[in-house]
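Before any comments, here is the structure.
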Amino acid sequence: AYLWLVFSPLLLSSPLAFWQKRFPQLEEVWWSWCIATLERTGALAIKLAQWASSRPDLFSSRVCGRLQHLQDHTQPHSLEATEAALDAAFGPGWRSVLRIAPHPVGSGCIAQVHRGELLRDGEWGPVAVKVLHPQVGRYIRADGALLRLVCGGLQRLPRVRWLNPGGMSEEFTEMLLRQLDLRRKKKA
């Protein structure tokens, strides 16, 4: 219901994005709104948009270019949320051995990274501190269930059945859920 409420005005107003020759300023407003909406709706929507931005074989170069913004610019969460996550993971004593910069150096759809300093053997040394966005796991699971529902319906259409939307939605959701474990190293 939430996603329908968020996306339906965007979908209904989408013709504005395609009238760019007559009203170029409307296109700019619409795309700004679209990107902000995708950022607000969470990790799954952002990952889908990132995927779409890398598929000029499926989407126009104009659409890919607009969605490209989400490849490396997503909304960070607050320092207070970062500190609360560190409190939950390590207890309030973490502040005596770890200092973090107030602003993240990067923010993705799953987590953000802060510069930090860790106290080891009486000396402060530089570290990267990666922290999940608040409630991101819950949102990915809920969005994944919705994606499976939509793709289950698409699976019944003969023209898209060959794409295996059901299998793609399962794989996509599982890939996002694996990223929640920050202990896992990303393979190059």
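Within segment 107-116, identify whether any single residue is touching a helix residue (DSSP H, G or I) at 6+ places or on another chain (Cβ under 6 Å) and closer than 30 Å to S14 by Cα, and answer yes or no.
Yes, segment 107-116 has at least one match.
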Within segment 158-185, track down each residue that is modelled with pLDDT of 90 or more, assigned to a helix (DSSP H, G or I) and aliphatic (A, V, I, L, M).
L177
Within the set of pairs 6+ apart or on separate chains, which have a first residue in segment 144-155 that is open to solvent by less than 40 Å² (accessible area, probe 1.4 Å), a second that is among the hydroxyl-bearing types (S, T, Y), and C-beta atoms under 9 Å apart?
G144/S169; G144/T173; L147/S169; L147/T173; C151/S169; G152/S169
Here are some residues: T37, T41, T82. Which one is in contact with a strand residue (DSSP E or B) (Cβ under 8 Å, 6 or more places away or on another chain) and either over 30 Å from R115 (Cβ atoms) or of a type in the set (V, I, T) (or both)?
T82
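Listed here are the residues, each with its yes/no results for (1) at pLDDT 95 or above; (2) within 15 Å of K47 (Cβ to Cβ); (3) among the aliphatic types (A, V, I, L, M).
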{"position": "L98", "(1), (2), (3)": "yes, no, yes"}
{"position": "H103", "(1), (2), (3)": "yes, no, no"}
{"position": "G106", "(1), (2), (3)": "no, no, no"}
{"position": "G125", "(1), (2), (3)": "yes, no, no"}
{"position": "V129", "(1), (2), (3)": "yes, no, yes"}
{"position": "G137", "(1), (2), (3)": "no, yes, no"}
{"position": "I140", "(1), (2), (3)": "no, yes, yes"}
{"position": "A145", "(1), (2), (3)": "no, no, yes"}
Within segment 90-135, how many residues turn out to be among the hydrophobic types (A, V, I, L, M, F, W, C), touching a Leu at 6+ places or on another chain (Cβ under 6 Å) and free of Cβ contacts under 8 Å to residues at least 24 places away in the same chain?
3
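The values are calculated or read from the model by the stated rules, or taken from the named source; none is laboratory data. Given the structure is predicted, the values throughout are model-derived calculations rather than measurements. FYI the Cβ positions are ideal-geometry reconstructions off the backbone, even for glycines, and counts take in every protein chain you see. Heads up: the accessible areas ignore ligands, DNA and RNA and are worked out on the full protein's heavy atoms, side chains in. Shrake-Rupley method; radii C 1.70, N 1.55, O 1.52, S 1.80 Å.
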